Ligand code: ZN
């Protein structure tokens, strides 16, 4: 696959998740609820998790924002369900590297997250993609203040 083809594939993946996000609902039996804002773009989400014995049993979100922030929240909530809290934090660290355009060991990386590797060229968009991940990280490290990218 050429890098142009890869880029098109990834753009369509982001559009698809942005239009029809997965896990977009209220989690009735959530153990953790935290809000995240990206005032720069107007992205605003509430992330809900059900954590039991250091495992993320379920994840969902609600809110609004641009296609990139929506797609990122959709994919992240898909990926972290059934992970341990420690594994989710590792994924968070990998995602930071991806959006900064740094190399990541590809065999340990979920394919769909590579969709965001082109964002390093668009610094203003990096906050959009990272918002829901920052919110996850804040939840896992027991912060109770709403997250802001500012
Ligand atoms: Zn945005």
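When the chain is treated as a GNM, springs tying every alpha-carbon pair under 10 Å, which of 77, 90, 99 comes out with the largest mean-square fluctuation?
90
If neighbour count is taken as other Cβ atoms inside 10 Å, put 14, 132, 68 in order from fewest to most.
14, 68, 132
For the residues 45, 134, 122, what sequence is obtained by ranking on other C-beta atoms within 10 Å, fewest first?
Numbers: 45 24, 134 20, 122 12.
Exposure proxy ranking, most exposed first: 122, 134, 45.
On a 0 to 90 degree scale, rounded to 10, what angle separates helix 123-140 from the longest Cα axis of the chain?
Taking the Cα atoms of the chain, the angle to 123-140 is about 30 degrees.
For the residue pair residue 12 and residue 33, what label-to-label distance in nm results when each label sits 7 Å from Cα along the Cα-to-beta-carbon direction?
3.9
Return a whole-number percent for the relative contact order of region 1-85, with Cα pairs under 8 Å and 6 or more residues apart as the contact set.
Relative contact order of region 1-85: 32 percent.
Rank the residues 72, 82, 148, 3 as a footprinting-exposure proxy: fewest other Cβ atoms within 10 Å of their Cβ go first.
In order of increasing Cβ crowding within 10 Å: 3, 82, 148, 72.
On a 0 to 90 degree scale, rounded to 10, what angle separates helix 85-99 from the longest Cα axis of the chain?
30
So what is the relative contact order of region 47-150, in percent, for Cα pairs below 8 Å that sit 6 or more residues apart? Mind showing how you got there, number by number?
Working: 112 pairs, mean separation 27.5, N = 104.
It comes to 26 percent, rounded to a whole number.
Compute the Cα gyration tensor for the chain, then decide on rounded, prolate or oblate, letting a ≥ b ≥ c be the square roots of its eigenvalues: rounded whenever a/c is under 1.5, prolate when a/b is larger than b/c in the other cases, and oblate in all that remain.
Since a/c reaches 1.5 and a/b is larger than b/c, the shape of the chain is classed as prolate.
Relative to the present Cα-Cα distance, how much length would full extension add between residue 64 and residue 121 at 0.36 nm per residue of separation?
This chain segment gains 18.1 nm when fully extended.
Any chance you could give the angle, 0 to 90 degrees and rounded to 10, that helix 3-19 forms with the longest Cα principal axis of the chain?
With rounding to tens, the tilt is 30 degrees.
Taking the Cα centre of each part, how many Å lie between region 13-31 and region 132-150?
Rounded to whole Å, the Cα centres lie 18 Å apart.
Laboratory data are not the source of any read-out in this text; all were calculated from the coordinates shown. The shown structure was predicted, so the numbers you read here are calculated from the model rather than taken from an experiment. Please note: Cβ atoms are built from the backbone with ideal geometry, for glycine as well, and neighbour counts cover all protein chains shown.
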